[in-house]
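Derivation of every value follows stated rules applied to the coordinates shown; laboratory data play no part. Note that the structure is predicted; figures quoted are calculated from it, not measured. Virtual Cβ from ideal backbone geometry, glycine too; neighbours counted across all protein chains shown.
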């Protein structure tokens with residue numbers, strides 16, 4: 001299956017489910033890029049395997065691996081994941097491992113049929129401010145993975161979008177940030193209202209919420225999935241700090257003030273849960289920098305550079321919330337954030353994952369995962385997801 005569907009997903013009766021809705025599976029990509037994971041990617045690969053182990057407890061897992069890396073990847077995963085036989089390893093080339101941004105966004109109709117959206121991917125800004133100079137392999141992944149699953153797909157090219165730049169409540173509301181979707185490297189020829197119409201058409205949405213900002217120093221032009229997430233219909237968690245000297249304070253305050261004034265697609269006021277960022281900035285050290293090998297045209301890091309650490313970059317599986325923990329001098333803030341999220345997401349177990357090695361790549365747990373919705377009836381979904 002290589003062809004694309006004609007038509008409009010919204011008119012065809014398809015919309016984007018919430019991430020906390022039931023999954024059939026999750027897509028991930030094996031990390032090997034030296035400019036993201038280092039010439040020695042062992043720590044990142046161990047972190048990925050920690051996530052693999054949790055996902056396969058309750059849903060399918062698909063891992064894309066380049067042919068040249070297949071033998072080593074299979075051996076490493078088999079050594080580090082006890083139930084290795086549950087994993088579906090697929091040979092497919094990529095430029096990096098950000099499955100959220102390069103994989104298809106899945107939409108579903110009332111009968112449970114799943115289709116994929118293939119957005120244009122340009123490495124978070126293309127020639128204007130993209131993070132690497134070649135991204136052709138990544139741009140093919142959405143289409144190729146839909147073909148692997150035998151899922152019909154829509155071609156959204158030339159509309160540039162990454163999966164990390166959108167959140168859905170599954171009930172007609174999409175949440176984004178202005179800093180990302182209005183950036184000059186995405187769709188400079190489209191107005192804000194035109195971009196909003198594209199989102200509604202492809203995601204089956206009725207309303208788009210435009211947060212002003214994301215997380216400080218987020219190189220994706222501040223993806224929404226690092227700053228704010230739906231955790232139930234009418235409820236969000238927002239990255240927060242009470243430290244007025246932190247550059248994140250004004251950014252989160254602007255988002256909070258915006259969220260207080262808006263309603264969702266069903267005219268509900270939002271319940272906003274504040275989820276504090278790590279007490280201490282997570283920064284690159286000399287050992288981290290010495291491990292990177294950057295290609296020409298690739299965004300580089302420096303010793304002391306602050307990384308975009310946020311606890312909002314978690315991922316829902318069917319039974320758990322996979323939660324980024326940073327350790328070191330942030331152990332107390334890790335524990336505090338776990339306790340806060342555990343009190344909010346009472347129908348899932350919050351599982352901390354040592355995620356500093358993932359953060360060094362430029363994102364976190366949500367950025368490296370992409371959910372594949374389950375094909376079940378609407379009533380059954382609601383009983384399981386929100387009870």
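Considering only beta bridges that DSSP places wholly inside the chain, some 35 percent are antiparallel.
As a proxy for reagent exposure, ranking 306, 74 by other Cβ atoms within 10 Å from fewest up yields 306, 74.
Which log10 I(q)/I(0) values, to two decimals, does the chain give at q = 0.07, 0.10, 0.13 Å⁻¹ under the Debye formula with one point per Cα? Once normalised to I(0) and log-transformed, intensities are -0.27, -0.58, -1.06.
The slack in the chain from residue 280 to residue 263, taken as 0.36 nm per residue of separation less the alpha-carbon distance, amounts to 2.8 nm. A Förster radius of 45 Å combined with the Cβ-Cβ distance from residue 111 to residue 137 puts the calculated FRET efficiency at roughly 0.85.
Calculate, for residue 319 and residue 155, the FRET efficiency according to 1/(1 + (r/R0)^6) with r their C-beta to C-beta distance and R0 25 Å; round to the nearest 0.05. My answer for the efficiency is 0.15. Per residue, the chain reaches -8500 deg cm²/dmol at 222 nm when only DSSP H runs of four or more residues are counted, each adding -39500 (n - 2.57).
Here the spin labels are modelled as points 7 Å beyond Cα on the Cα-Cβ line, and at residue 336 and residue 70 they lie 4.9 nm apart.
Ranked by the mean number of other Cβ atoms within 10 Å of their residues, highest first, the peptides 290-302, 315-327 fall in the order 315-327, 290-302.
Estimated at 0.36 nm per residue, the fully extended path between residue 300 and residue 246 surpasses their Cα-Cα distance by 17.1 nm. Which FRET efficiency, nearest 0.05, do residue 147 and residue 346 yield, Cβ-Cβ r, R0 41 Å? Efficiency at R0 = 41 Å is approximately 0.60.
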